[in-house]
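Accompanying notes for the structure given below.
The values are calculated or read from the model by the stated rules, or taken from the named source; none is laboratory data. Quick caveat, the model's predicted, so the values are computed rather than measured. Glycine gets a Cβ as well: all are built from the backbone with ideal geometry, and neighbour counts include every protein chain shown. Side chains are part of the model used for accessible areas, which takes the heavy atoms of the whole protein and leaves out ligands, DNA and RNA. Shrake-Rupley method; radii C 1.70, N 1.55, O 1.52, S 1.80 Å.
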Amino acid sequence: DQQVKQNSPSLSVQEGRISILNCDYTNSMFDYFLWYKKYPAEGPTFLISISSIKDKNEDGRFTVFLNKSAKHLSLHIVPSQPGDSAVYFCAALRTSYDKVIFGPGTSLSVIP
Amino acid sequence: DARVTQTPRHKVTEMGQEVTMRCQPILGHNTVFWYRQTMMQGLELLAYFRNRAPLDDSGMPKDRFSAEMPDATLATLKIQPSEPRDSAVYFCASGLVLGSNQPQHFGDGTRLSIL
């Protein structure tokens, strides 16, 4: 039973355009959501997070939107750059627990 | 820049052999996690420790896998005996107690191939 879902295994976007990566979750008790980025042969690195009490968090070209009623979050990258090509993992946690639940990842390709 | 260090980076061995993967967490971090990445499952949590005590290893096949933290600077994941289906990339991550949005820091993984 996957609690965090990323239904698009891959996504291709033209350089300069917007990339939108989607994530759905099932557990309404999650109170923090994170996005990690992973390049080949490296470990995932933290990108951006959002608390469940917010609906938007922005950091430079990266913005995460949270829709609690739909149990859905999305990561927007604007403008997309070739260096953004990586696998993006959505993750969720309950702050009363230590466990972080990861989604299966979406592979983003930004085409020059 | 502090990093989580994993050794070895690659391991190829024959079925039935014992495999030991090591992780040095970031100094001062008190939680350590072991994940396995596969094509189908993404990042699966195998085990985690808080202040060196194992808190949850429900994701780990108990008959062949074991995880320990002999001291605060070393975490180990052992597979004995290894099987071809254990082939995957194994990641270690460390962090502070997750009471906020403190992210975990990952090592670069051990790529394990069981022949």
Solvent-accessible area buried by A and B, counting both chains, probe 1.4 angstrom, square angstrom: 1800
Residue-normalised accessible area of the protein assembly as shown, expressed per residue, 1.4 Å probe, Å²: 49
Rg and Dmax of region B:1-56, Cα atoms only, in Å: 13.3, 38
Area accessible to solvent at B:M15, 1.4 Å probe radius, in Å²: 120
Carbon/sulfur fraction of accessible area - chain A, other protein chains in place, 1.4 Å, %: 49
Nitroxide proxy distance, nm - points 7 Å out along Cα→Cβ at A:R61 and B:H10: 3.1
Gyration tensor verdict on region A:35-112 (Cα atoms; rounded if a/c is under 1.5, prolate if a/b is larger than b/c, oblate otherwise): oblate
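For region A:9-54, what's the relative contact order in percent, using C-alpha pairs closer than 8 Å and at least 6 residues apart?
Relative contact order for region A:9-54 comes out at 30 percent.
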Contact order normalised by residue count of chain B, Cα under 8 Å, 6+ apart, percent: 37
Accessible surface of chain B [probe 1.4 Å, protein heavy atoms]: carbon and sulfur percent: 48
Evaluated over chain B, the Cα radius of gyration and Dmax, each in Å: 13.4, 42
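With every protein chain kept in the model, how would you rank A:V78, A:V4 by accessible area, 1.4 Å probe, largest at the top? All intermediate terms of the calculation are to be shown ahead of the outcome.
Values: A:V78 75, A:V4 0 Å².
Output order, biggest surface exposure first: A:V78, A:V4.
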With all protein chains modelled, accessible area of A:L11 [1.4 Å, Å²]: 50
Straight-distance crosslink candidates among lysines, where the alpha carbon sits under 18 Å from A:K68 and sequence neighbours closer than 8 are dropped: A:K5, A:K54, A:K56
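Please tell me the relative contact order of chain A in percent, rounded to the nearest whole number, where contacts are Cα pairs under 8 Å and at least six residues apart. Kindly include the intermediate steps, with their values, before the conclusion.
Working: 274 pairs, mean separation 41.8, N = 112.
Once divided by the residue count of chain A, the mean separation gives 37 percent.
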